[in-house]
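To keep things clear, I will list the structure first and then write my remarks on it.
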Amino acid sequence: MIGATPAAFQHCESIFRTLAAAEGYAHVGPPGAGHYVKMVHNGIEYGLLQAYAEGYEILHASKDFKLQLGQIAKLWNHGSVVRSWLNELAERAFSDDDQLSAIRGYVEDSGRGAGLSRRRSGSTCRRRSSPCRCSRGCARVRRSRSAPG
């Protein structure tokens with residue numbers, strides 16, 4: 001996600017090729033374009049993280065089933081449409097603590113940069129995931145924010 005003049009990109013391309021994974025870099029446009037593309041990338045990533053968090057929260061909160069979240073994460077990473085590197089990280093975390101009981105339900109950064117850019121650009125895309133639609137999750141987030149430390 002590199003924004004630069006063609007000459008600047010060409011001058012530095014050997015560095016990008018050395019540091020990046022295979023096909024892991026691209027000249028996306030003039031100066032500033034790389035930051036813009038990365039910002040939108042981050043917005044998508046935050047949306048995926050929110051979706052996983054909400055899904056696992058719903059599974060965890062089930063009153064009808066005592067579900068093993070690590071087992072479900074592993075299942076989803078094998079042939080499911082929701083498999084991803086992010087879910088592989090969740091699977092790894094669940095392998096240490098299946099209920100993630102040691103993790104606070106609070107994130108300092110909102111990732112709102114993409115939303116600001118979306119409004120400035122006039123995009124009709126609207127943010128669909130709100131921070132914690134699950135009431136149980138919201139209560140935990142409120143408690144975490146008021147907790148010391």
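The values are calculated or read from the model by the stated rules, or taken from the named source; none is laboratory data. All values reported here derive from a predicted model rather than from experimental measurement. Methodologically, a virtual Cβ is constructed for each residue, glycine included, from the backbone with ideal geometry; neighbour enumeration extends over all protein chains shown. The accessibility values were calculated without ligands, DNA or RNA, using every heavy atom of the protein model including side chains. Shrake-Rupley method; radii C 1.70, N 1.55, O 1.52, S 1.80 Å.
Of all residues in the range 1-11, those being open to solvent by less than 40 Å² (accessible area, probe 1.4 Å) and assigned to a helix (DSSP H, G or I) number 1. For the range 54-86, a residue qualifies if it is closer than 16 Å to Asp98 by Cα, open to solvent by 80 Å² or more (accessible area, probe 1.4 Å) and among the hydrophobic types (A, V, I, L, M, F, W, C), and the qualifying residues are Ile58, Phe65, Leu75.
Restricting attention to the range 23-71, which residues are under 25 Å from Ala90 (Cα atoms), in a loop (DSSP other than H, G, I, E, B) and either within 16 Å of the chain's Cα centre (by Cα) or aliphatic (A, V, I, L, M) (or both)?
Applying the first criterion (under 25 Å from Ala90 (Cα atoms)) to the range 23-71 yields 24, 38-71.
Imposing the further condition that a residue be in a loop (DSSP other than H, G, I, E, B) reduces the set to 24, 61-68.
Scanning the range 23-71 gives Ala61, Leu67.
Within the range 87-110, the set of residues being in a helix (DSSP H, G or I) and either touching a residue at least 40 places away in the same chain (Cβ under 8 Å) or open to solvent by less than 100 Å² (accessible area, probe 1.4 Å) (or both) comprises Asn87, Glu88, Leu89, Ala90, Glu91, Ala93, Phe94, Ser95.
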